[in-house]
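> Would you mind keeping the following structure in view while I ask a few things?
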Amino acid sequence: MSIDLSGYWSKVRQTKQGWAHPDDEDLLGREPHTFNLDFPPPAFVGDIENAKIIVLAANGGYSASVTPGEFAAIGAADRYLKRLSFPAEADWQEVAPYYRGINYSELVFSGKAAIVNACAYRSPKISEEPDNRRLIKKLHSAQFTRRWLIEVVLPQMQAGSRVIVGKRHGLWDLPSSIKQSNGFIADPAPVSPHFSVAVWEQLKNV
């Protein structure tokens with residue numbers, strides 16, 4: 001099977017459970033969870049095909065007061081799906097306010113960095129959602145995304161052509177050998193949405 005992350009997520013559609021990848025439809029229908037599936041899931045943000053910096057995040061965020069507004073405009077969902085299908089051609093400035101507010105947003109907008117979620121599905125606070133964390137371990141889409149990281153991005157990191165920033169990387173269940181490798185930068189302040197000074201220091205020459 002080809003490890004094409006954008007191609008994989010281009011298959012997202014409205015299922016019986018809501019917006020989801022068809023591989024996850026069965027699990028999302030029978031396993032307990034509180035993921036919000038009212039909108040297309042943010043599997044990644046940025047040009048994952050060409051970005052030199054891959055930022056590992058947890059899962060898509062959800063706010064009852066903010067998220068619906070992101071999809072209120074006519075065609076917003078279709079444009080979102082197009083960005084997932086064709087990340088290299090997308091205008092990534094048309095994203096959630098959260099991403100516009102982070103201190104490395106210009107890296108994402110310029111195509112130099114891309115954020116990838118261990119789980120694409122939205123929730124308010126994954127650290128307080130045990131059912132959701134358990135389900136992530138079973139989701140086929142989460143397994144595919146992790147496989148993409150291990151089989152595609154990791155060799156590129158080892159070759160020096162990419163850098164991985166572990167922002168909120170707990171859900172990725174990475175072996176210690178990866179976290180100790182050259183090219184992997186663990187942010188010492190994972191709770192903050194921003195890159196820490198330590199991360200910026202290590203990215204100076206990237």
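> Of all beta bridges DSSP finds with both residues in the chain, what is the antiparallel percent, to the nearest 5?
25
> Follow-up. Could you compute the FRET efficiency for Val206 and Ser176, with r as their C-beta to C-beta distance and R0 at 22 Å, rounded to 0.05?
The value I calculate is 0.45.
> Quick one: Karplus J couplings for segment 112-123, per residue in order, coefficients 6.51, -1.76, 1.60, θ = phi - 60°, nearest Hz, x for Gly and Pro?
7, 10, 9, 9, 10, 8, 4, 10, 6, 6, 7, 7
> Another question, if that's okay. With charges set only on the Cβ (+1 for Lys and Arg, -1 for Asp and Glu), what does the dipole of the chain come to about its Cα centre, in debye to the nearest 20?
It works out to roughly 300 debye.
> What lysines does Lys112 reach when the alpha-carbon gap must be under 27 Å and sequence neighbours fewer than 8 apart in one chain are set aside?
Straight-line reach from Lys112, under 27 Å: Lys11, Lys52, Lys82, Lys167, Lys179, Lys204.
> Shifting gears a bit: Taking the beta-carbon count within 10 Å as an exposure proxy, list His33, His194 from fewest neighbours to most.
Fewest-to-most Cβ neighbours within 10 Å comes out as His194, His33.
> Helix 76-85: angle to the longest alpha-carbon principal axis of the chain, degrees 0 to 90, nearest 10?
Helix 76-85 sits at roughly 50 degrees to that axis.
Computed from the coordinates by the stated procedures, all read-outs in this text should not be read as laboratory data. Keep in mind the model is a prediction, meaning the values are calculated, not measured. Glycine also receives a Cβ, built like all others from the backbone with ideal geometry; neighbour counts cover every protein chain displayed.
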